[in-house]
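The values are calculated or read from the model by the stated rules, or taken from the named source; none is laboratory data. Predicted, not measured: the structure shown is a model, and the values here were computed from it. All Cβ positions, even for glycine, are placed from backbone atoms using ideal geometry, and neighbour counts span all protein chains on display. These area figures cover heavy atoms from the full protein model, side chains too; ligands, DNA and RNA do not enter into them. Shrake-Rupley method; radii C 1.70, N 1.55, O 1.52, S 1.80 Å.
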Amino acid sequence: MSKFNSMTSCYHCGDSCKELRIRFKDKDFCCNGCKTVYEILEASDLCYFYDLEAHPGTTKSSVQQHYEYLDNPEIIESLISFGEPPYEIVSLLIPNIHCSSCIWVLENLSKIVPGVVQSSVNFPKKTIQIRYDTSTTSLKKVVILLDKIGYTPNINYAQKNKKTTSNNHSLTYKLGVAGFAFGNVMFLSFPEYFDVNEFWLEQFKPLFRWLMFAFALPVIFYSAQEYFTSAFKGLKSKQLNIDVPIALGISVLFIRSTLDIIFDWGSGFFDSLTGLVFFLLIGKFFQQRTYQYLSFERDYKSYFPIAVTKLITLKSGEIKEQGTAIQHIKKGDKILIRNNEIIPVDAILLKGTAHINYSFVTGEATPIIKTKGDFLYAGGKQQAGAIEVKVKKAVAQSYLTQLWSDTIPNATNSSSFKTLTDQISKSFTITIISIAVVSALVWWYINPAHIFNVVTAVLIVACPCAIALAAPFTYGNLLRIFGKEKCYIKNSQALEQLSQIDALVFDKTGTLTTNAKSVFTYYGHPLTVQEHTLLYNSVRASNHPLSQALYNELKRQEITTLDSYDEQIGHGIRAAKDTTVLHLGSAQFAGSTVKNLPIQTAIHINSNDQYKGHYVYTASYRNGLSNLFSNLDRHHKLYILSGDNPGEKDNLYTFLPDSTQMHFNQKPDDKLQFISDLQQNGAKVMMIGDGLNDAGALAQSNVGVAITEDINVFTPASDIILSAAKLSKLDLILKLAKKGRRLIYWCFAISLLYNIVGLSFAVTGVLSPLVAAILMPLSSITIVVFTTLTTQYYGQKILR
């Protein structure tokens with residue numbers, strides 16, 4: 001360790017080692033904090049961190065933070081979003097996240113901190129979500145480590161529960177400064193435009209020019225700051241991003257204009273400079289507002305189609321079950337959670353035995369047993385029959401949306417458009433700089449006086465922003481349009497996959513059939529009162545479409561808590577109360593010994609190892625299926641996979657095309673394997689099912705569609721949640737998705753055409769930098785307007 005006055009920079013953070021130099025393994029560090037971070041990264045084999053960017057670290061705060069308050073259980077409970085032993089999940093705001101290397105090291109915390117299971121960074125919001133094992137580490141240890149490596153969390157306990165957040169008005173302020181400067185510079189430039197030779201104007205011309213210089217300074221150092229910062233970081237990372245030519249053009253304009261007024265060569269190009277930044281910011285402002293319009297957090301605005309069964313006590317004392325949208329659920333409400341339903345809110349268990357699977361939240365599939373009075377976190381799946389809970393805290397729907405979006409996507413769901421736009425943006429800067437250099441060399445021989453205008457016009461007019469905006473804005477608009485039609489699509493990748501589908505696989509029960517008009521007829525020995533009560537409570541706890549249909553048909557019985565409940569997907573239900581044990585489901589599961597049973601969909605019942613009889617289900621099919629399948633058959637291969645026997649085969653052929661392939665007695669594993677076989681033969685498969693029995697098939701398919709009735713089963717296995725009432729529009733949904741794909745290609749063509757035309761004018765010297773500065777953001781605005789208007793037009797034309 002030594003003191004010296006050289007300009008040696010710190011290997012970790014890049015700061016100058018002015019007062020203190022620490023040598024460690026032939027590397028210089030400005031403080032022990034940076035040296036410690038390096039040691040931690042080296043010990044964890046994470047020194048690739050320094051290959052991402054030179055001096056990627058952040059400067060360690062000189063003030064030691066104190067985190068003793070993180071030993072307080074009440075404070076920890078208020079900060080974490082999930083806490084079920086052995087896991088806790090916390091989201092922290094970290095303002096120091098500034099580049100790709102920050103993201104890389106923070107998402108590799110599991111290699112640095114023992115006990116951290118997973119960490120993910122939300123770069124735009126500067127937040128990190130950390131899942132850690134409380135048996136190995138604690139929130140305090142995690143926060144101290146983050147502070148030690150230079151990423152100090154901003155924990156403000158007093159504002160933890162505030163629901164409103166202040167908006168970032170930085171762009172608005174920068175736009176205001178640039179607009180004010182641009183207007184004044186234009187005003188001061190009028191005498192130069194019209195070459196007025198009035199005496200007093202000539203006397204004040206030098207003053208006017210220096211005033212223009214003064215107005216340009218805040219534009220350069222404040223309004224245009226982000227362009228320079230982004231370009232600088234890109235160059236440090238050895239990447240030529242799209243802000244490099246913009247920053248270069250602004251720099252050239254400012255330097256040349258300053259030299260003009262210093263040496264009295266002219267008035268400079270301060271009007272072009274301020275106009276360029278002003279119109280660039282207008283384009284960015286318009287894009288930001290449009291993104292905000294399209295992003296709609298999908299929380300309290302009823303976008304996400306989750307409904308729960310609310311329990312309402314009537315004046316007579318009777319309990320009424322009512323389907324209620326989740327955004328209308330408030331603290332104190334009582335709700336019913338059926339078997340395999342996601343718990344949508346933080347709640348207290350009132351009745352029933354809870355076996356909660358938190359795999360969607362923690363990745364751990366082992367169920368946790370909860371008893372009456374225990375606290376239940378949102379996001380767990382109940383796996384032991386029905387339970388009644390009291391809402392403790394209604395969470396925003398964005399929490400459930402996160403569970404939906406964070407599931408591991410199918411490997412086929414990569415975006416070809418994203419790949420294409422990334423490739424275009426990567427090579428765009430090199431191409432533009434090359435054109436600028438070649439143009440400068442050509443004009444050096446033609447007329448050197450025009451080199452400046454030509455080069456700056458080339459750097460300004462060419463912009464890949466419009467190309468990069470094509471896919472996000474087109475798909476963003478389509479997601480919103482589909483949402484209005486109660487077709488809720490997970491993300492743009494799922495929408496892109498939707499546009500490529502060529503094979504559709506349909507489940508039958510609960511997908512093609514509806515419970516609204518279904519009829520059950522019982523054949524067999526009469527059931528006792530106890531058996532009726534147990535049957536009623538068993539099907540009440542199940543979310544299978546047949547169970548729900550039978551539940552709606554049965555005479556109301558006493559609501560009781562079952563001693564045991566086990567639902568075997570694809571087979572049936574085993575339920576017990578006191579001395580009675582029921583098996584209900586398939587004939588084999590119920591132990592039927594009756595020969596020559598009619599080939600019909602039925603629920604068979606066995607009580608205490610004695611076969612009692614069966615309920616025959618007469619299906620009622622949804623309206624519009626004949627027309628739907630007729631339209632789909634023109635461009636897609638159609639398949640029906642049903643877990644039932646072929647008793648409905650003849651009825652299905654009354655509205656299905658002859659080319660439709662039907663397979664019956666299909667277990668969940670059979671459905672998954674069938675879809676896998678289709679994919680291996682090159683098919684792009686969409687699976688349409690009820691979201692429960694078909695979870696594996698939905699996840700395996702290229703696009704999984706869960707059909708929902710009034711009470712919606714939330715399933716992260718699906719890519720699309722479609723209201724059952726809109727199933728008849730599935731052909732139109734596919735048609736609009738394919739149209740959206742073609743619109744993106746049109747946007748690419750428009751963007752490339754604009755750049756070709758703009759560059760042709762720029763290299764010939766007939767396009768002024770000011771006009772180029774206006775046209776540059778105009779291209780982005782053109783794409784935004786084009787995608788918005790065309791998607792709206794085709795949305796109304798096709799869907800309505």
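Tabulated data for the structure shown
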{"read-out": "Filter on K486/K738; K370/K393; K125/K334; K372/K490; K334/K555 - keep pairs with C-alpha separation over 27 Å", "value": "K125/K334; K372/K490"}
{"read-out": "Rg ratio (alpha-carbon, reference 2.2 N^0.38 Å) - region 578-711", "value": "1.22"}
{"read-out": "By average C-beta atoms within 10 angstrom, highest first, the peptides 620-630, 698-708, 142-152", "value": "698-708, 142-152, 620-630"}
{"read-out": "Distance in nm between pseudo-label sites at L752 and N154 (7 Å out along the Cβ direction from Cα)", "value": "4.3"}
{"read-out": "Full-stretch length increase - S110, E321 - with 0.36 nm per residue and alpha-carbon distance subtracted", "value": "71.4 nm"}
{"read-out": "Full-stretch length increase - F655, A449 - with 0.36 nm per residue and alpha-carbon distance subtracted", "value": "66.5 nm"}
{"read-out": "Region 618-706, dipole about Cα centre (Lys/Arg Cβ +1, Asp/Glu Cβ -1), debye to the nearest 20", "value": "260"}
{"read-out": "Descending Cα extents along the principal axes, region 510-594, whole Å", "value": "38, 30, 25"}
{"read-out": "Protection proxy ranking of 205-214, 657-666, 331-340 - average other beta-carbon atoms within 10 Å, highest first", "value": "331-340, 205-214, 657-666"}
{"read-out": "Extension gain from S564 to H328, taking 0.36 nm per residue of separation minus the Cα-Cα distance", "value": "81.8 nm"}
{"read-out": "Solvent-accessible area per residue for region 625-675 (1.4 angstrom probe, square angstrom)", "value": "51"}
{"read-out": "K126/Y67 FRET efficiency (R0 25 Å; Cβ-Cβ; nearest 0.05)", "value": "0.80"}
{"read-out": "Region 510-645 - charge dipole about Cα centre, Lys and Arg +1 at Cβ, Asp and Glu -1, debye rounded to 20", "value": "460"}
{"read-out": "Estimated inter-spin distance, H532 and D609, nm [label 7 Å along Cα→Cβ]", "value": "2.8"}
{"read-out": "Isotropically averaged projected area of region 429-579, using the convex hull of Cα atoms (one quarter of hull area), nm²", "value": "17.2"}
{"read-out": "Cβ-Cβ FRET estimate between F221 and L259, R0 fixed at 22 Å, reported to 0.05", "value": "0.75"}
{"read-out": "M186 versus Q673: modelled label distance in nm, points set 7 Å from Cα along the beta carbon direction", "value": "7.2"}
